[in-house]
Amino acid sequence: MEDKTLHKIEAYLAGNLSDQELEVFEMELRESAELQEQLTLSRRINAHFNDETILAEGMESPRAKEYMDFLESAEADALKDQIANDHKKFAVSDKKKNSKSYLLIAASIVVLLTSALFLLFQNPSSEKLYAQYYSDSDLPSVINRGEEVGSLEKGVLSFQESQFEEAIAFLKQPTNDEDKEVARRLYLGMSYVENQEYERGIQEFDLVVSANSIDATRGLWFKAITYLKMDNKSRAMEVLKMLEPGNFNFDKAQRLLEEL
Amino acid sequence: MIKNHPKFDALVNGDPAIMKLLYTKVYPKVVRFVLNNKGSQEDAEEVFQDALYQLIVRAKVKGIELKSTFEGYCLVVCKNLWYQELNKRKKEVRNEGVFELKENNTQELTALLYQDRWDLFEEILQQLTEKCRQLLQAYFNKVPYHTIVKKFSYATENAAFQRVFKCKKQLAQRIQADVRYRDLF
């Protein structure tokens, strides 16, 4: 398919065609099966990568038929029972085991505490350092009294309430205000990190670093903190070393480097 | 012949070592993820069991070949199931739940197909060059073109637009050419 047509498809999906162009495109669409197929493909790609779930597709596909044959079988019912039984065994057995093993646990705790304390003073864990060095007060303040509450402010409120999935949905929406974009990406990045979607978080922090803002080096700090959370001390150290005097949290970064 | 990663073969065969691995390494993360995202302990338990069911069905019917770690992939499946559940709940709140009286099998089928499509799209994205991947991720993340120009050092917004267009075209061509695409839609 020609690039010109593909450009039209993109413009159509983005709602960027003029009335006249739209009329012509929709006429072409009615007459061309190839164009219809290409439009559907583009729509599916956009939906997938924009995290929009189109659930009711493919229900008549060859794969659906294969799955349905299995789902309607007695084997599928037996499998569900098996999974439920396994769940009782593996998810609950730990609780039972724990309740029956107080003495063993008590003895283990003494040994563990001694070792843990020793290790703690020798080589603090990434988890402990993360807890010690990550503070949400390092994130910029965005909510001002009397200001209109937009998607950024709603996202920050959801973040503060630990509703990270909701926060992500709000914070994915650009603000059209360059000054607020750094704050939006920092909160979005940390929401991803809290959601254990570390790579996405790092991507947001990289965008903060590459922005020409006075706050750009905050991105480095949060990127380093994320690597700490991922238990990747060497990458955390690499990023911390990029901070220079006068940059965000420079002194704190030096202390953290020493501990690492 | 159905081809599976060995750990999925072990899962299909009910290997206790694999179950133990999943319950010690993945299950606690799923519980934490669901609790952090508007869910309860019961929701997490249900999602985890649904994920196990889905993984075993897919491994039995068509085979699962891993492109990431076993534990990582299982976690992705759990997260996707939870996102679908949250979307379903949102629709119920908006009184759009007309289709909610579906049979269990249909709901399970929907989730199975969703994960297969997810695998296809993400796997093809990984086949592109790193630059294309980063560009497309920025584009789908709705990063404005003027920021893309700076981040990727393009001369103009039009140059960035053309590059994004070419990467998306490559992605679309590869998806369309993949044998799974016809099988799944």
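Some observations on this one:
- Residue ID - farthest from B:L184 (Cα to Cα), chosen from residues in region B:126-151 that are more than 8 Å from chain A (Cβ to nearest Cβ) and buried (at least 18 other Cβ atoms within 10 Å of the Cβ): B:I148
- Residues that are within 23 Å of A:N50 (Cβ to Cβ) and part of a loop (DSSP other than H, G, I, E, B) within region A:1-21 comprise A:M1, A:A14, A:G15, A:N16, A:L17, listed in sequence order.
- Looking across region A:11-59 at every residue that is modelled with pLDDT of 90 or more, of a type in the set (D, E) and closer than 30 Å to B:L112 by Cα, the one that is surrounded by the fewest Cβ atoms within 10 Å (Cβ to Cβ) is identified as A:E34.
- Where a residue in region B:1-24 is on the phi > 0 side of the Ramachandran plot and in the same structural domain as B:E45 (by TED's automatic domain parsing) and its partner, wherever it lies, is surrounded by 13 or more Cβ atoms within 10 Å (Cβ to Cβ) and in a helix (DSSP H, G or I), with Cβ under 8 Å and at least six apart: B:G14/A:Q82; B:G14/A:D86
- Consider region A:119-140 and keep the residues that are part of a loop (DSSP other than H, G, I, E, B) and modelled with pLDDT of 80 or more. The one that is farthest from A:N249 (Cα to Cα) is A:S125.
- Entirely in region A:192-260, the helices (runs of 4 or more DSSP H) that have 2 or more residues that are farther than 15 Å from A:V182 by Cβ and under 24 Å from the mean Cα position of the chain (by Cα): A:198-210, A:216-229, A:233-240
- Any hit, region B:80-103, residues being aliphatic (A, V, I, L, M), closer than 30 Å to B:K29 by Cβ and touching a residue at least 40 places away in the same chain (Cβ under 8 Å): yes
- Subset of region A:160-183 that is charged (D, E, K, R) and within 11 Å of another protein chain (Cβ to nearest Cβ) - its residue that is surrounded by the fewest Cβ atoms within 10 Å (Cβ to Cβ): A:E161
- Complete set of residues in region B:153-184 that are outside any helix (DSSP H, G or I) and surrounded by 17 or more Cβ atoms within 10 Å (Cβ to Cβ): B:Y154
- Of the helices (runs of 4 or more DSSP H) entirely within region B:2-115, those holding at least 2 residues that are surrounded by 15 or more Cβ atoms within 10 Å (Cβ to Cβ) and more than 12 Å from chain A (Cβ to nearest Cβ) occupy B:6-12, B:70-93.
- Set A:K223, A:K229, A:K233: member being over 19 Å from A:E204 (Cα atoms) and at pLDDT 90 or above: A:K233
The values are calculated or read from the model by the stated rules, or taken from the named source; none is laboratory data. Note that the structure is predicted; figures quoted are calculated from it, not measured. Reconstructed Cβ throughout: ideal geometry from the backbone, glycine too, with neighbour counts over all protein chains shown.
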